Amino acid sequence: HMIHVNNARNVVILGVATVGRFLAQGYDASNWTPPGKDPLKSWWKNVSRPPVIDKDDFKTNYIEHPLAGAVYYSIARHSGFSILESFGFSVFSSTFLWEYGLEAFFERPSVNDLIVTPVLGSLLGEIFYQVFNRIVDNDGKILGSRTLGFITQIITNPGFFLSAGLNYALGAEWFKSGDIGWVVTNRSQRLGIAPIRSDSSAG
């Protein structure tokens, strides 16, 4: 399905942007090791050895990583995937696209990140997804305010908006199901979201 490809592509794009942000902050801030003259050799050295328990601080391991997992989950869930499928996508993204993909150029995969990111991330992601839908069903409002409702949706479901923006910018088909397309094309107008092209035949 094209939606699978688009979702994975969007995670890679967001991952590259994240790597760029970490590199701009410096290696001390990220606890990464410079890959050396041959990045592919560094990558292979990291992925070919068993994962380790990293020594990142609590905020990184148990707040930032679960939030990243929630972003992966959100991208899939808002594309029409089931809870189990979205969890699988979060596992795929955090394991293969990040831990054994982009981040492996700088450090060995982390045991705790391989577990915490998709598991806690998916739990958070589903809660955030339900919050998003509750706001939609409440005419886009929280405490009578559409602005507060919209801001809450952005904060809790950044994967939805980031992926939608990338798909719109790149001219990609967005949704897997007509139901999801209906939610966006009809209900998003009440939330003040700019129209985003969707196609119920996508997938």
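Applying 1/(1 + (r/R0)^6) with R0 = 25 Å to the Cβ-Cβ distance of residue 168 and residue 25 gives a FRET efficiency near 0.30.
For residue 142, the residues 5 or more places off, or on other chains, whose built amide H falls under 5 Å of its own are 148, 149. Over region 86-140, the pair-distance histogram of Cα-Cα distances with 5 Å bins from zero comes to 5, 20, 21, 17, 12, 10, 7, 5, 3, 1 percent, rounded to whole numbers. Normalised per residue, the accessible area of region 61-137 is 38 Å², obtained with a 1.4 Å probe and no contribution from ligands, DNA or RNA. Using θ = phi - 60° in the Karplus curve 6.51 cos²θ - 1.76 cosθ + 1.60, the 3J(HN,Hα) couplings for region 100-112 round to 9, x, 5, 5, 5, 5, 10, 7, 5, x, 9, 4, 5 Hz; x is entered for Gly and Pro.
Here the 3J(HN,Hα) profile of region 46-56, calculated from phi with Karplus coefficients 6.51, -1.76 and 1.60 at θ = phi - 60°, is 6, 7, 7, 10, x, x, 10, 8, 6, 10, 5 Hz, Gly and Pro shown as x.
Between residue 13 and residue 119, residue separation times 0.36 nm minus the direct Cα-Cα distance comes to 35.9 nm. Sorting the segments 15-21, 87-93, 5-11 by their mean number of nearby beta carbons within 10 angstrom, highest to lowest, gives 87-93, 5-11, 15-21. Taking all C-alpha pairs of region 104-167, those more than 13 Å from each other amount to 69 percent. Using 1/(1 + (r/R0)^6) with R0 = 25 angstrom and r between the beta carbons of residue 85 and residue 127, what's the FRET efficiency to the nearest 0.05? With a Förster radius of 25 Å, E is 0.90. In order along region 74-85, the Karplus-derived 3J(HN,Hα) couplings, from 6.51 cos²θ - 1.76 cosθ + 1.60 at θ = phi - 60°, round to 4, 4, 6, 4, 6, 8, x, 6, 6, 4, 5, 5 Hz, and Gly and Pro are given as x.
Size estimate for region 70-180 follows the Kirkwood approach: the inverse of mean 1/r over distinct Cα pairs works out to 14.9 Å.
The values are calculated or read from the model by the stated rules, or taken from the named source; none is laboratory data. Every value quoted in this text rests on a predicted model; they were computed, and no experiment measured them. Here Cβ is always computed from backbone atoms with ideal geometry, including for glycine, and neighbour counts include all displayed protein chains. Areas reflect the complete protein model, heavy atoms only, side chains present, ligands, DNA and RNA absent. Shrake-Rupley method; radii C 1.70, N 1.55, O 1.52, S 1.80 Å.
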